[in-house]
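The values are calculated or read from the model by the stated rules, or taken from the named source; none is laboratory data. Computed from a predicted model, the values in this text were never measured in an experiment. Here the Cβ positions follow ideal geometry from the backbone for every residue, glycine too, while neighbour counts run over all protein chains shown.
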Amino acid sequence: MPSCTGTDVDCGGFVGQYIASALNKSLVTMADVDERLKKLFRVRMRLGHFDPAGALQAIPPSTICSPAAQALSRDGVAQAAVLLKSAFCPRRSLCHAALAQHCFVAQVGYLQR
């Protein structure tokens, strides 16, 4: 049972299969089950599992995973990546130390201009 194992989510059906027997043998109580269900539903509420469908849910997976969408994603990453010369490194000694050890140092993002 989740309260005994330290887990709150059962992804394999174990709890559903054995919870009645565990309750009958007093290995767990209904209070244990209620506590775990409250935690589970609290997380699902925060994740938006019970929110009404919005505009993004109307986009089919075939569109999201299409070759055009994947190319657009790759292009966005390529445009956002910036190679920073060591001359602009605020911690120049760190950059030079890394290069001296044949390591590669990269800073990525829009703010690395």
Requested in this report: Look at region 15-62 and say how many of its residues are surrounded by fewer than 10 Cβ atoms within 10 Å (Cβ to Cβ), under 25 Å from the mean Cα position of the chain (by Cα) and charged (D, E, K, R).
Outcome: 2
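Kindly indicate whether SER62 is of a type in the set (S, T, N, Q) and not in a loop (DSSP other than H, G, I, E, B). Before you say what the answer is, go through the steps one by one.
Details: of a type in the set (S, T, N, Q): yes; not in a loop (DSSP other than H, G, I, E, B): yes.
So SER62 fits the description; yes.
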Query raised in the report: For region 9-26, what are the residues that are modelled with pLDDT of 90 or more and either of a type outside the set (D, E, K, R) or assigned to a helix (DSSP H, G or I) (or both)?
Result: ALA20, SER21, ALA22, LEU23, ASN24, SER26
Query raised in the report: List the pairs whose first member sits in region 8-30 and is farther than 21 Å from ARG44 by Cα and among the aliphatic types (A, V, I, L, M), whose second member is at pLDDT 90 or above and assigned to a helix (DSSP H, G or I), and whose Cβ atoms are under 6 Å apart, counting only residues at least 6 apart or on separate chains?
Result: VAL28/ALA22
